[in-house]
Amino acid sequence: MFPLNRWYVAGFAWELADKPLARTLLNQNIVLFRTGSGEVAALENRCCHKSLPLSCGTVENSGVRCGYHGLLFAPSGACLEVPGQERIPVKARVRSYTLVEKDQILWIWMPQEEGAAPTCEAPDYPIHSDPRYTFRGDVFHYDAPYQLIHDNLLDLSHLGYVHLKTIGGNAAVHMNAELKVEAAGDQVRVLRYMPDSVPPPTYLGAWPFEGRIDRWQEVEFKVSHLNIWTGGADVGTEDMNDPQRGGFHMRGFHAITPETDTTAHYLWTMAANHHPERANVIDLVYEQTALTFYEDKVVIEAQYENMKKHPNAPQIDIHVDVGPNRARRVIERLIRDNAAPAAALSAAAA
Amino acid sequence: MFPLNRWYVAGFAWELADKPLARTLLNQNIVLFRTGSGEVAALENRCCHKSLPLSCGTVENSGVRCGYHGLLFAPSGACLEVPGQERIPVKARVRSYTLVEKDQILWIWMPQEEGAAPTCEAPDYPIHSDPRYTFRGDVFHYDAPYQLIHDNLLDLSHLGYVHLKTIGGNAAVHMNAELKVEAAGDQVRVLRYMPDSVPPPTYLGAWPFEGRIDRWQEVEFKVSHLNIWTGGADVGTEDMNDPQRGGFHMRGFHAITPETDTTAHYLWTMAANHHPERANVIDLVYEQTALTFYEDKVVIEAQYENMKKHPNAPQIDIHVDVGPNRARRVIERLIRDNAAPAAALSAAAA
Amino acid sequence: MFPLNRWYVAGFAWELADKPLARTLLNQNIVLFRTGSGEVAALENRCCHKSLPLSCGTVENSGVRCGYHGLLFAPSGACLEVPGQERIPVKARVRSYTLVEKDQILWIWMPQEEGAAPTCEAPDYPIHSDPRYTFRGDVFHYDAPYQLIHDNLLDLSHLGYVHLKTIGGNAAVHMNAELKVEAAGDQVRVLRYMPDSVPPPTYLGAWPFEGRIDRWQEVEFKVSHLNIWTGGADVGTEDMNDPQRGGFHMRGFHAITPETDTTAHYLWTMAANHHPERANVIDLVYEQTALTFYEDKVVIEAQYENMKKHPNAPQIDIHVDVGPNRARRVIERLIRDNAAPAAALSAAAA
């Protein structure tokens, strides 16, 4: 069960070139493609004739052509051609999804009811076109349910143990840093400031700090994705409360899209500014970030593997779980809300 | 469920040398071997003592010896020796199957009732000894149920999409070619003639055509196997209705033997004639055919994988499905016929 | 179901260095480690916070620290530290097991009731410190239930078929050798003497025999492990009934610890004496033994794989099964005894 009637990230613009792309999203078997005329589209990844994945086919100007007997489907899901016969059977169509390309992000609307139109605009992510930043990204696959990744991203205290050698630094500093958790509507914010601390290796590689730094970590949970804004400035030089503060900035976009009940896609970009006296550090930042996320992946997959071995084992809560638990309550409420209309209907009928 | 009381292809003569061969056929775990005295045999692949596969053992003059404690079994399934003791327990025997070696094909009789004798002769396949042809073959394993391979072989229209670069050629030519489907008894024939068409790459490699060709594809479905006769002749030079026509001929033997309900063995040979002015092209034909079958395997396995994801999804029919659907009805009827005596018996008892 | 309230072998002393070790024993997910102060310990391999395996963490002086959020656990299972907070939650503890290091063997007490203390001392294995012998060992994993390995070790007649090229030698000699089976309490002994026989290749490599040898094989089954004493002496030079007999001696320690219902750990050492005129042969003996065990592993795993394909197939008994069957009856009785108190209680309640 996932929150529905929402936009999820299906992929990135650069993933759709001249080949269709198979991607399961929220248990739905989907093919993403860009037609020869540039339109992006998402269809059920199954030809309605003999069930071959359409992702095994080819992209044409007007749609995707099946690789078995050549049926051609438009972005709308309508079959445009059945090679060798003139009549197109009435039932020759596949389910289509609303897919929007925006800020190089491919947003897909996942409705509760098949075919229902979006009820709001796809989210903005202006960082991708902000001239102060350059960015790179990637798509990771997790053998773990999506909420374990939320937990991980909303709890920055694990940095000291999992990421000691990259963005972590000193464990005690992380665990003892002041932590603020704010929630409003469907959003949760976890804020942590570590004044006068030692810059971690990635920061030192990216920015010419003079010595100790004031460091911030601001995590915004927005159901389909999280924005994580981290950075640091030479100690005492910047006002941590001012969003226009200087120093080194890393702006992470972290979309966690469930693949199935037990697996997830982690679609991320990392944007960074760069110091005028240093070469653009985006490749370094990308590599360090990918390495960090891989460290997380190892831990989260081992955690889930172990949870399956102990299906009924209780877990205890500690102080760092406040943010993750808030987000879990949001998801729980959204799923309940999705179920509510149906429940109300059956109550009325009874 | 498979049609029973029939001959199926278990393997090829050249597969049985000095080692026993494990092969699951119609859900039955079987060991095939050739005794030191040259007899071919098929037994249940399980020693009746400690269940080791007999295929882990060794072949001797009189049978196969288990690789754990040395029990020796004759082609009849009788235990000939229990090392270290004189008395052979009454229950020391394993199930045996009738296996016949004919035209380099190993035919196994799969009876409905364990141990029942064949009620007819094993099929002939004279092409393997026809001096006009040379042949080579192989055994492919499919992670897909056997009937999906029937569908594929009886529907030659997929050539234009799946085999574009080998035996396919122009898709539109394939899809628009005249198609005849004939059925009689348990057999289905699909015939297609493509006069005045461009020869595909494999043909050009094998035969010195002068330009465009008259091309034929004749598919005979015979339940346990299909014979596919394809070829081409310089345009207007041969009578397509004359089986003695000249030109380039490929004679495919395609035995599809179910391994389990969801997997299959594809045991095939391809025979070809060769032009007097060209070297024997059988190695080229074999390699191109293997490549082609591999293209099919990729598609069919992807198709089945996708069918499992959509277990109740409807499929639509198009014109090319006439042949495959006929064959499916034959299989359905044969399975129903196998079930009938039992059903009749229980009806009588009630 | 396994016999409980017993010592099992969890590992060897040399396996615990500076990293924790994950090992499932009797279906229980366990982490073994040696603290910085040298104490060995066994805990449930799951942090009580977020379920990460503790084996992904690090070893410290006072215990093992979780690799996710840094919780520190003592050998007793008590949580000693939750980084970032002062209060340690009452429920912050993990199950602990009694682990004893003795003769370089790690013995774990597997109680029927969680946390119950051992009711006897861990077994002795003095061979590991006997100056006449040197030894080496290893841990093998089997995809087969533990009792199939008992069967194998208690039935030495398979040597002639499975180990022909290593310790086996002539099959007929093995099958026809006199066999004695003795049982007392929970122990089973299988004794076999092969006077005047040809020494197998491993023996010849290890000892300067003059020609034919008197050979012995003495197998002691002790539920959690077997001691197998094999060897040989120049024909007619030693009294086979005298434990102080000379010649070449191999003393095998074979602990079979169930991992799950269908998989097992095989923890073994092989000790050998060496002839004064030959270099120490322990490396040769170790390599040959490992090779031999690998031959067994291949057979036993193939056997189990095949048993799964034929879940209800009967097996026949032959003369060599006397020893294995005795051991199976011991295990059966021990499991029944474990179940008895509970059964008695519910009978009383009814």
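The values are calculated or read from the model by the stated rules, or taken from the named source; none is laboratory data. Quantities reported herein were computed from a predicted structural model and do not represent experimental measurements. Note: ideal-geometry Cβ built from the backbone for every residue, glycine included; neighbour counts use all protein chains shown. Quick note on the areas: whole protein, heavy atoms, side chains included, nothing else; ligands and nucleic acids left out. Shrake-Rupley method; radii C 1.70, N 1.55, O 1.52, S 1.80 Å.
Things worth noting here:
- Within segment C:235-268, considering residues that are in a strand (DSSP E or B) and free of Cβ contacts under 8 Å to residues at least 60 places away in the same chain, the one surrounded by the most Cβ atoms within 10 Å (Cβ to Cβ): C:248
- Pair list, Cβ < 8 Å and 6+ apart or interchain, from segment C:305-331 residues that are within 20 Å of residue B:90 (Cβ to Cβ) to residues that are of a type in the set (S, T, N, Q): C:310/B:29; C:310/B:51; C:313/B:51; C:315/B:51; C:317/C:325; C:318/B:85; C:319/B:85; C:320/C:157
- Residue match in segment B:58-66 (condition: at pLDDT below 95, over 17 Å from residue B:139 (Cβ atoms) and outside the structural domain of residue B:224 (by TED's automatic domain parsing)): no
- Of all the listed residues (B:278, B:336, B:326), the sole one being loosely packed, with under 15 Cβ neighbours inside 10 Å and assigned to a helix (DSSP H, G or I) is B:336.
- Restricting A:264, A:327, A:349, A:271 to residues that are small (Gly, Ala, Ser) and modelled with pLDDT under 90 narrows the list to A:349.
- Close pairs from segment C:194-211: first part of a loop (DSSP other than H, G, I, E, B) and aliphatic (A, V, I, L, M), partner at pLDDT below 90 and open to solvent by less than 30 Å² (accessible area, probe 1.4 Å), Cβ under 8 Å, at least 6 apart: C:198/C:169
- Top-ranked residue of segment B:289-321 - restricted to ones that are crowded, with 18+ Cβ neighbours inside 10 Å and aromatic (Phe, Trp, Tyr), ranked as nearest to the other protein chains (Cβ to nearest Cβ): B:304
- The listed residues are C:143, C:186, and the only one of them that is of a type outside the set (Lys, Arg), touching a helix residue (DSSP H, G or I) at 6+ places or on another chain (Cβ under 8 Å), more than 21 Å from residue C:334 (Cβ to Cβ) and modelled with pLDDT of 90 or more turns out to be C:143.
- Of the residues screened, residue B:38 is one that is without any contact (Cβ under 8 Å) to a residue 24 or more places away in the chain, out of contact with any strand residue (DSSP E or B) (no Cβ under 8 Å at 6 or more places or on another chain) and within 30 Å of residue B:131 (Cα to Cα).
- Residue within segment A:139-150 that is assigned to a loop (DSSP other than H, G, I, E, B), open to solvent by 30 Å² or more (accessible area, probe 1.4 Å) and out of contact with any Leu (no Cβ under 9 Å at 6 or more places or on another chain) present: yes
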